[in-house]
Amino acid sequence: MAYSANQLKNGLKVMLEGDPCTMQDVEFVKPGKGQAFTRVKMRNLLTGRVWERTFKANESLEGADVMDRDMEYLYNDGELYHFMVPVTFEQYGADMTAVGDAAKWLKENDTCMVTLWNDNPIAITVGNFVELEVMETDPGMKGDTAQGGSKPAKMTTGAVVKVPLFIEQGDILKIDTRSGDYVSRA
Amino acid sequence: MRDWKPAASVENLQKRAAILALIRQYFTEQQVLEVDAAVLSQCAVSDPFIDSLEVNFRGHPTAEAELCYLQTSPEYAMKRLLAAGIGSIYQMGKVFRSGEEGRFHNPEFTMLEWYRLEFDDVALMKDVEQLVRSILAIGPIRRCTYADIFMEKLGIDINQSSTEQLACEMHRHVEVELDPDDRDGWLNLLMSHVIEPMLKDEPVFITDYPASQSALARLKAAADGVPVAARFELFVEGIELANGYHELTDPQEQQRRLEADQHTRQTLGLPQRPLEQRLVSALEVGLPDCAGVALGVDRLVMLALQVTHIEQVIPFTFRNA
């Protein structure tokens, strides 16, 4: 599937210089006298790099076979992270490049979004909030719930989160994965 | 349920109507006559970068079609009226441009175009300023020549820079591929991609366009003697709002420019469409000395209402019509 420059729109996935890219911001630019352009801000789905580029109206781009699928995280075998499509039981193994920062939020049996390019995982997006168990933290201080102050807590997935002083080992916490901040006890 | 609702709020459409009424009131006070010349014609605009919508006319539903064109501006028809001695006129109505869709574009849009007898580009800018400032809450509008704005914003002397230097400057800002020798193309890119966003803070008339971008404006000599087009554009908040000329009245030059456009169309593989030769005939009889300007009414309303998408000020966009 090829797209001409004037068909570009937000969220469209295209191939550029061999890499799949997603359109983030598309603006039609047409001086009253002069030719039309489509100015695009896009993100390279492999490198995450965001850049701007302008296309003439008659340029065309090849669509990228990219799709997002909800999958269940199964396990990590030391090399690959394994995911499964719940309905069909199809399994996919993603390497560390694809998983990236999402790794520290991945809990077994949680659902996350796997981006596939030509049926290979290239990116993992976890939900905005995850619930994780505290594996290790300094002992909690009773009666300290209202006061400020925080301490580091290591979660079962390996993530380290700043938590209030009253949090105990074994507590289940709700974390905002976008900021990495503690939200509440689950 | 099908999406039947207009994208614009009823409140915005009421405000739009009030602005249209103000515009008509302005021209009534100025004793400029309203006309509603045809927007369906056997001829099409010659400009290679403006694409007309094609329409089939049939004498009978099963008869062979005659190809007609929806006008991209009422310019040709209005000039024929001017040559017929009608005096200063304005037209506010729909015009059509194929392929133009975006935040500031809809293929069907409302254009205000007017011509003032015995005005030049400088006098017409005052007129535009008076009208626009009666609708938008903006201060006095600055005047700056095309060459000066390039110097001020980019430090480029366009009269000294090679096309390669212009392309090089453009590549510092945005990646784009264009014919390396297309000087006006690079100038347009720098203007639309780099300079326009820098014009957000103050309304400005860019004046004295390069002679190569004169369209239907006559040429004049700039202060430094370089020939420039007697053409201006108005930018408010970095948005291109109006484009005006001290009009070309020379029929031979008009004929030459029509043919040059047709030639460019051929070179670029664009459709060859019937040129408006009746315009040349009208100029042969005599177009009175006049200046004319076209203003995007939808954009004016967008600026007045401080909205970000044209769909917020027109009842239905092309995709919803």
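Can you list the residues, at least 5 places off or on another chain, whose amide H is less than 5 Å from the amide H of residue B:143, using H built in the peptide plane?
The list, which skips near neighbours in sequence, is B:205.
In Å², nearest 100, what accessible area do chains A and B bury in total when the solvent probe is 1.4 Å? List each step's numbers first, then the result.
Numbers: alone 10760 and 16010 Å², together 24680 Å².
For chain A against chain B, roughly 2100 Å² becomes buried.
Show me the ranking of peptides B:140-153, A:64-77 by mean Cβ neighbours inside 10 Å, starting with the highest. Working shown, then result.
Values: B:140-153: 17.4, A:64-77: 15.6.
My ranking of the peptides, most packed first, is B:140-153, A:64-77.
Name the residue from A:137, A:42, A:160 whose Cα lies farthest towards the positive end of the charge dipole of chain A, charges +1 on Cβ of Lys and Arg and -1 on Cβ of Asp and Glu.
Final value for the positive-end residue is A:42.
So what is the 222 nm mean residue ellipticity for the protein assembly as shown from helices alone, if each DSSP H run of at least 4 adds -39500 (n - 2.57) and you divide by all residues, rounding to the nearest 500 deg cm²/dmol? Don't skip to the end; give the middle numbers.
On the way: 10 runs with 108 residues, N = 507.
Helices in the protein assembly as shown give a 222 nm mean residue ellipticity of -6500 deg cm²/dmol.
Given an 8 Å cut-off on Cα distances and at least 6 residues of separation, report the relative contact order of the range A:129-185 as a percent.
On the way: 118 pairs, mean separation 23.0, N = 57.
That works out to 40 percent.
Rounded to two decimal places and with Rh computed the Kirkwood way over Cα pairs, what is Rg over Rh for the range B:115-268? Walk me through the numbers before you get to the answer.
Numbers: Rg = 16.2 Å, Rh = 16.7 Å.
When Rh is taken as the Kirkwood radius, the ratio is 0.97.
So, by mean Cβ neighbours within 10 angstrom, what's the order for B:61-71, A:22-32 with the highest one leading?
Numbers: B:61-71: 13.4, A:22-32: 17.9.
In decreasing order of mean packing, B:61-71, A:22-32 become A:22-32, B:61-71.
Can you tell me which of B:116-127, B:186-197, B:28-39 comes out highest on packing, and rank the rest after it, using the mean Cβ neighbours within 10 Å? Display every interim value, and only then the final one.
Working: B:116-127: 17.6, B:186-197: 21.2, B:28-39: 13.4.
So the order, starting with the most tightly packed, is B:186-197, B:116-127, B:28-39.
Over all residues in A:55-62, what is the mean tally of Cβ atoms on other chains that come within 10 Å of each residue's Cβ? Don't jump to the answer; show the numbers that get you there.
Values: counts 3, 5, 4, 3, 2, 0, 0, 0.
Counting other chains' Cβ atoms within 10 Å and averaging over A:55-62 gives 2.
Out of the total accessible area of the range B:272-321 (probe 1.4 Å, heavy atoms of protein only), what percent is carbon and sulfur? Please report the intermediate quantities before stating the final value.
Working: 1120 of 2080 Å².
Using a 1.4 Å probe with all protein chains present, the range B:272-321 comes out at 54 percent carbon and sulfur.
If the reach is capped at under 13 angstrom between alpha carbons, list the aspartates and glutamates near residue A:174, excluding any in the same chain fewer than eight residues apart.
Filter leaves A:131, A:133.
I'd like the mean, over residues of A:34-43, of how many other protein chain beta carbons sit within 10 Å of each residue's own Cβ.
Details: counts 12, 10, 10, 8, 1, 6, 2, 0, 0, 0.
For peptide A:34-43, the averaged partner shielding equals 5.
How large is ³J(HN,Hα) for each residue in the range A:100-114, as worked out from phi by the Karplus curve 6.51 cos²θ - 1.76 cosθ + 1.60 (θ = phi - 60°), to whole Hz, x for Gly and Pro?
Residue by residue, the range A:100-114 yields x, 5, 5, 3, 6, 10, 7, 10, 4, 6, 6, 9, 9, 9, 10 Hz.
What shape does the range B:41-190 have by the C-alpha gyration tensor, where a ≥ b ≥ c are the square roots of the eigenvalues, rounded means a/c under 1.5, and otherwise prolate means a/b greater than b/c and oblate the rest?
Values: a/c = 2.25, a/b = 1.33, b/c = 1.69.
Oblate, because a/c is 1.5 or more while a/b does not exceed b/c.
Quick one: accessible area per residue over the protein assembly as shown, 1.4 Å probe, rounded to a whole number of Å²? Don't skip to the end; give the middle numbers.
On the way: 24680 Å² over 507 residues.
Counting only protein heavy atoms, the per-residue value for the protein assembly as shown is 49 Å².
Can you run phi through the Karplus equation (6.51, -1.76, 1.60; θ = phi - 60°) for the range B:115-124 and list ³J(HN,Hα) in whole Hz, with x for Gly and Pro?
Calculated HN-Hα couplings, in order: 10, 10, 5, 6, 9, 10, 4, 5, 5, 5 Hz.
In whole Hz and in residue order, list the ³J(HN,Hα) couplings for the range B:9-20 that follow from phi through the Karplus curve 6.51 cos²θ - 1.76 cosθ + 1.60, θ = phi - 60°; x for Gly and Pro.
6, 4, 4, 4, 5, 5, 5, 4, 4, 5, 5, 4
Gap in Å between the Cα centre of the range B:224-255 and the Cα centre of the range B:256-321?
13
Where the centre of each part is set by its Cα atoms, how far does the range A:1-39 sit from the range B:89-166, in angstrom?
A separation of 26 Å, based on Cα centres.
Calculate the radius of gyration of the Cα atoms of the range B:228-321 to one decimal place, then report Dmax, the largest Cα-Cα distance, as a whole number, both in Å.
My reading of the Cα-based Rg and Dmax gives 17.8, 45 Å.
If you split all Cα-Cα distances of the range B:68-129 into 10 Å bins from zero, what percentages do you get per bin, shortest first?
19, 41, 31, 8
Would you mind giving the mean number of other chain beta-carbons within 10 Å of the Cβ of each residue in B:100-110, as a whole number?
Working: counts 5, 4, 9, 4, 4, 4, 0, 0, 0, 0, 0.
That works out to 3 on average.
On the accessible surface of the range A:2-63, probed at 1.4 Å, how many percent belong to carbon and sulfur atoms?
On the way: 1120 of 2680 Å².
Carbon and sulfur atoms account for 42 percent of the accessible area of the range A:2-63.
When the gyration tensor of chain B is built from Cα positions, what are the square roots of 5 times its three eigenvalues, in whole Å, from largest to smallest?
Values: eigenvalues 163, 132, 105 Å².
They are 29, 26, 23 Å, listed largest first.
If I compute solvent accessible area with a 1.4 Å probe over the protein chains, what percent of it on the range A:129-185 is carbon and sulfur? Can you show the working numbers first?
Details: 1580 of 3330 Å².
The value for the range A:129-185 is 48 percent carbon and sulfur by accessible area.
Working only with C-alpha atoms, what are the Rg and Dmax values of the range A:129-185, expressed in angstrom?
10.3, 30
For a distance above 15 Å, tell me the whole-number percent of Cα pairs in the range A:66-126 that qualify. All intermediate terms of the calculation are to be shown ahead of the outcome.
Working: 680 of 1830 pairs.
The calculated P(r) of the range A:66-126 puts 37 percent of pairs beyond 15 Å.
What residues in the range B:212-255 lose 30 Å² or more of accessible surface when the other protein chains are added to their chain alone (1.4 Å probe)?
For the range B:212-255, once contacts with the other chains are taken into account, B:240 lose 30 Å² or more.
What is the sum of charges around residue B:42, taking Lys and Arg as +1, Asp and Glu as -1, for the other residues whose C-beta is under 12 Å from the C-beta of residue B:42? Show your work: numbers first, answer last.
Working: positive: B:273, B:278; negative: B:54, B:66, B:276.
Once positives and negatives cancel, what remains is -1.
Just B:283, B:53, B:270 to compare: in a GNM of chain B, with alpha carbon springs under 10 Å, which one fluctuates most?
Looking only at B:283, B:53, B:270, the biggest GNM fluctuation is shown by B:270.
Treat the protein assembly as shown as a sphere of radius equal to its Kirkwood radius over Cα pairs and apply Stokes-Einstein at 20 °C in a medium of 1.002 mPa s; give the translational diffusion coefficient in µm²/s, rounded to a whole number. Don't skip to the end; give the middle numbers.
Working: Rh = 26.9 Å.
Translational diffusion coefficient: 80 µm²/s.
List, largest first, the extents of the alpha carbons of the range A:56-186 along their principal axes, each in whole Å.
66, 39, 25
Express in % the proportion of alpha carbon pairs of the range A:1-66 at distances exceeding 14 Å.
Counting every Cα pair in the range A:1-66, those more than 14 Å apart make up 53 percent.
Tell me, what is the percent relative contact order of chain B, built from C-alpha pairs under 8 Å that lie six or more residues apart?
Numbers: 546 pairs, mean separation 77.2, N = 321.
It rounds to 24 percent for chain B.
The values are calculated or read from the model by the stated rules, or taken from the named source; none is laboratory data. Just so it is clear, the model here is predicted, and its values are computed rather than measured. Note: ideal-geometry Cβ built from the backbone for every residue, glycine included; neighbour counts use all protein chains shown. Just the protein is used for accessible areas: all its heavy atoms, side chains included, with ligands, DNA and RNA removed. Shrake-Rupley method; radii C 1.70, N 1.55, O 1.52, S 1.80 Å.
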